[in-house]
Amino acid sequence: MATPQRTCIGCRRRRPQSDLVRLVADHGRVRTARRGAPGRGAYLCADVACLEAADGRHAFARAFRGPVTLDASVREAVAQRDEDERR
Ligand SMILES: [Zn+2]
């Protein structure tokens, strides 16, 4: 079965879902989601640059259809995976 492709809300590139960090909005806070977690999702590369890009052009509010706050855990998760991939 083909790996589903998702679009990163930071750089707008389509990538395999497994390469992306899945985010969900929970009561106005954006958090990382485990695979298969319910709710409206958005995807971001494991790249801090994509996080900054998405934040800078309000892609989170657009993806989640309303104002949202980025939880600190999102930046940590992205930074962590970014680092892992550079080893
Ligand atoms: Zn990206």
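The values are calculated or read from the model by the stated rules, or taken from the named source; none is laboratory data. These numbers come from a predicted model, not from an experiment. For neighbour counting, all protein chains shown are included, and Cβ atoms are generated from backbone atoms with ideal geometry for every residue, glycine included. What goes into the accessible areas is simple: the full protein's heavy atoms, side chains included, and nothing from ligands, DNA or RNA. Shrake-Rupley method; radii C 1.70, N 1.55, O 1.52, S 1.80 Å.
What to note about this one:
- Those residues of segment 56-68 which are touching a residue at least 24 places away in the same chain (Cβ under 8 Å) and either on the phi > 0 side of the Ramachandran plot or in contact with a Ser or Thr (Cβ under 7 Å, 6 or more places away or on another chain) (or both), in sequence order: 65, 66
- One residue stands out among those in segment 12-36 that are of a type in the set (D, E, K, R) and assigned to a loop (DSSP other than H, G, I, E, B): the one that is nearest to residue 63 (Cα to Cα), which is 12.
- Pairs, first part of a helix (DSSP H, G or I) in segment 73-84, second modelled with pLDDT of 90 or more and open to solvent by 70 Å² or more (accessible area, probe 1.4 Å), C-beta under 8 Å, six or more apart: 73/31; 74/31
- Selection over segment 37-72 of residues that are part of a loop (DSSP other than H, G, I, E, B), farther than 17 Å from residue 7 by Cα and either open to solvent by 70 Å² or more (accessible area, probe 1.4 Å) or among the polar types (S, T, N, Q) (or both) gives a count of 2.
- Residue pairs whose Cβ atoms lie under 9 Å apart, sitting 6 or more positions apart in sequence or on different chains, and linking a residue in segment 29-55 that is of a type in the set (Ser, Thr, Tyr) to a partner that is within 11 Å of the ligand (Cβ to nearest atom) and open to solvent by 70 Å² or more (accessible area, probe 1.4 Å), are 43/6.
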